[in-house]
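Here is the structure we will look at.
Every number here is computed from the coordinates shown, using simple stated rules; none is lab data. Everything numeric in this text was worked out from a predicted model, so none of it was measured. Glycine also receives a Cβ, built like all others from the backbone with ideal geometry; neighbour counts cover every protein chain displayed.
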Amino acid sequence: MTKLSEFVKSADWKSEKHVPAIDCPESVKAGDWFTVAVTVGKEIPHPNTTEHHIAWIAVHFAPAGGKASFEIGRFEFSAHGQSATGPNQGPVYTDSTVSVRARVTVPGTLFATAYCNIHGLWEADRPLQVS
Ligand code: FE2
């Protein structure tokens, strides 16, 4: 049986433009707010055209030793230059970068997934310590 996970790709975000880069503190204090920023194309820009773009980013937190991940946020990028006058003729584009504030009570792993309308699903993860 084929699983969707077989199609989720990963690599080093510094050398592969589709991989989300997760920026956040290495360690946070339990219960304190912190910011998680996720960018696709941080080192190598990803195209942002009507035909080829990042459609969404989702951020999850998986507590260490837990059995489920928790969605922190999901962000859709809806403007890619589309227009009644034609592709890439529109007046607005959204970029594939987001930031969200969160707080945790236990350590775990942050996950970011990103979807390119041509190249599919990509993921990255980053451990998060709690002091
Ligand atoms: Fe792509």
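From most to least packed by mean Cβ count within 10 Å, the peptides 102-109, 56-63, 1-8 give 56-63, 102-109, 1-8.
In summary, the lysines within cross-link reach of residue 14, defined as a Cα separation below 29 angstrom excluding same-chain residues under 8 places away, comprise 3, 29, 42. Under 5 Å between amide hydrogens, built in the peptide plane, is the criterion, and for residue 79 it picks out 94 among residues at least 5 positions away or on other chains. Highest mean packing first, where packing is the average number of other Cβ atoms within 10 Å per residue, the peptides 33-43, 9-19 line up as 33-43, 9-19. Applying the Karplus relation 6.51 cos²θ - 1.76 cosθ + 1.60 with θ = phi - 60° to the range 41-57 yields 3J(HN,Hα) values of x, 5, 9, 10, x, 8, x, 9, 10, 4, 7, 8, 7, 7, 8, 7, 10 Hz, where x marks Gly and Pro.
Proximity of backbone amide H atoms, modeled 1.01 Å from N, is registered between residue 104 and 31, 32 at under 5 Å, excluding neighbours fewer than 5 places apart on the same chain.
Shown here: the range 8-130, whose C-alpha atoms stretch 51, 25, 25 Å along the first, second and third principal axes, sorted largest to smallest. Tell me whether the range 57-125 comes out rounded, prolate or oblate; compute the Cα gyration tensor, take square roots of the eigenvalues as a ≥ b ≥ c, and use a/c under 1.5 as the rounded threshold. Prolate is the answer for the range 57-125, as a/c is 1.5 or above and a/b outweighs b/c. Count the DSSP beta bridges whose two residues both fall in the chain, then state the antiparallel fraction as a percent rounded to the nearest 5. Counting only bridges with both partners in the chain, antiparallel ones make up about 90 percent.
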